[in-house]
Amino acid sequence: MHTTASIPAARRPDGATAITATATATATVTRADLADPACASATDSGTVRATMDPAAASGTPGSRRDPAIDLVRALCVLAVVMLHGIQVGITVTGTAPVLEYTTVNAPWYPPLTWILQVMPIFFVIGGFAGALALRRLLARGGTATDFVVGRVHRLLLPAVVTVSAVGMVLAWLGILGVPAELLGLAGIRYGQPLWFLGVFLACQALLPALLRAHDRAAVRTLVMLVVAAVAVDALHGLTGIDALGYANIAFVWLALQQLGFFLADGRLDALSPAVRRSAGAATFAVLIGGVVAGIWTPDLIAHLNPPTIALLLVGAAQTAALSLLRPALAELSAHPWIEACTRFVTARTMTIYLWNLPVLLAMAGVSAVLALRDGMPLPDPSGLMWWTTRPWWLVLSIVLTFALAAVLGSIERRRPARPTRSSRRALQAVLLGLFGVLIPLLAGTTVLTAGAAVGLFLAALSRIRAKVPREDSASPPRVRTVGR
């Protein structure tokens, strides 16, 4: 799930700092944290060895899934796809195509981000689902290593396919003579969404340790993360050093994941509706006040780069609304066609996310070719023709993305073969995956960086496979007999 901030390409490398900070935070997970049965969990798809029951990823204990949570997750995915479709644009200047953000300086864009900024609630849902899956796996005798192994496999396996395909297409386009500058810009645009892959992987790897902290001191753990996020924001504001702001990658997203634990425990639902409405309204009012006072920009997507506590306020308000609306959402999700769509997206979330930008970039490329060869007009962003054609552009991007997900989604649902029980190998796999994300995020996606990322992803996947004992060590020793 990704929402690309509407920023100039020159600021792209800053986003990679987030993954660096996340890799450092992930490295603090000890072998004891991963091996502690109290931290056990499972993946949403039941891909771990210890449990093959789909209820391991369910929304509520004893049920197979929480339909309201699944519906909200699917709506988040659709919101991200739509946001990407709005952001990506192509124009032609003279004889050269220009790939650009259509939302830069657009006055209509900031209000739209208040609807399409769904990353906070997505991380809350990740904490909700992970906490319930973890506890169910514990009851079945699994370990936290099973959870981490399943997450690495579920997130990185489809990434291997997508990044490999993008690298090969870039190589082919280079051979055809597409300008290197245009390919470089396309590579940067593709690399930017990968921040979510790295951050979500790190947050899920840290989930067992943080859930244990939640079980010991729920409120104190959440408060500590929020206070740390506020302190980072304050230092960033006082110094203007972006590197300090990116430290919030380890506090903002983890705090939102932690909030999902409260939803999973039923603590939020235990509060009266009046209290939840008041809490949601209060956080929303603080957010509006900060925007009006000039503390925060009204473009909520820009708060991803670097993360700010404005996202915590968005997530808190969204969580309060979700808690209040869950019964109605569960009833809505029971409609057959909504249930079918939700099930489709839930099973292919990462595949849809990874392929959405390549689809949009391919559509932009085809549009440029048609404009240069056949004179097809390309509308100026935010113009009348742009608004007239954008709905068809969005529909086509969704159809193509979902069609690819239908074909390739089975890759995401595969179970790891011979998953390791070694917490050390699981931690190594997470770090390899994070470094694999960091390379194209820092340097843009090229044939070289795509190859390096795929190599690291494959190395990570190899680490989560159990070692196969050698034949001579697995077999009993032979006894030589000497004939008389």
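Odds and ends about this structure:
- Nitroxide proxy distance, nm - points 7 Å out along Cα→Cβ at Arg465 and Ser278: 5.8 nm
- When the solvent-accessible area of segment 214-354 is split by element, carbon and sulfur atoms take up 73 percent of it, the probe being 1.4 Å.
- Figure legend: label point modelled 7 angstrom from the Cα of Glu181 along Cα→Cβ; residues of segment 363-390 with amide N under 18 Å from it are 365, 368-369, 372.
- Packing-based order for 65-71, 459-465, 150-156, 385-391, using average beta carbon neighbours within 10 Å, highest first: 150-156, 65-71, 459-465, 385-391
- Segment 190-298: trypsin sites (Lys or Arg not before Pro) in DSSP coil with no more than 16 other Cβ atoms inside 10 Å: none
- Solvent-accessible area of segment 120-160 (1.4 angstrom probe, protein heavy atoms only): carbon and sulfur portion equals 59 percent.
- Solvent-accessible area per residue, Å², over segment 100-221 with all protein chains present [probe radius 1.4 Å]: 32 Å²
- Calculated from backbone phi, Karplus (6.51, -1.76, 1.60) coupling profile of segment 133-150 in Hz, x at Gly/Pro: 5, 4, 5, 5, 5, 4, 5, 9, x, x, 10, 5, 4, 4, 4, 5, 4, x
- Heavy-atom surface of segment 348-426, accessible at 1.4 Å and reported per residue (Å²): 50 Å²
- Part-to-part distance (alpha-carbon centres) for segment 412-430 and segment 302-378, which is given in Å: 28 Å
- Overall, the ratio between the Cα radius of gyration of segment 336-403 and 2.2 N^0.38 Å, rounded to two decimals, is 1.37.
- Cut-off under 5 Å, modelled amide H: who pairs with Val92 long-range: Val98
The values are calculated or read from the model by the stated rules, or taken from the named source; none is laboratory data. Predicted model, so just to flag it, every value in this text is computed and none were measured. Note that we place each Cβ from the backbone using ideal geometry, even for glycine, and neighbour counts take in every protein chain shown. For the accessible areas, the whole protein counts, side chains as well, though only heavy atoms, and no ligand, DNA or RNA atoms are used. Shrake-Rupley method; radii C 1.70, N 1.55, O 1.52, S 1.80 Å.
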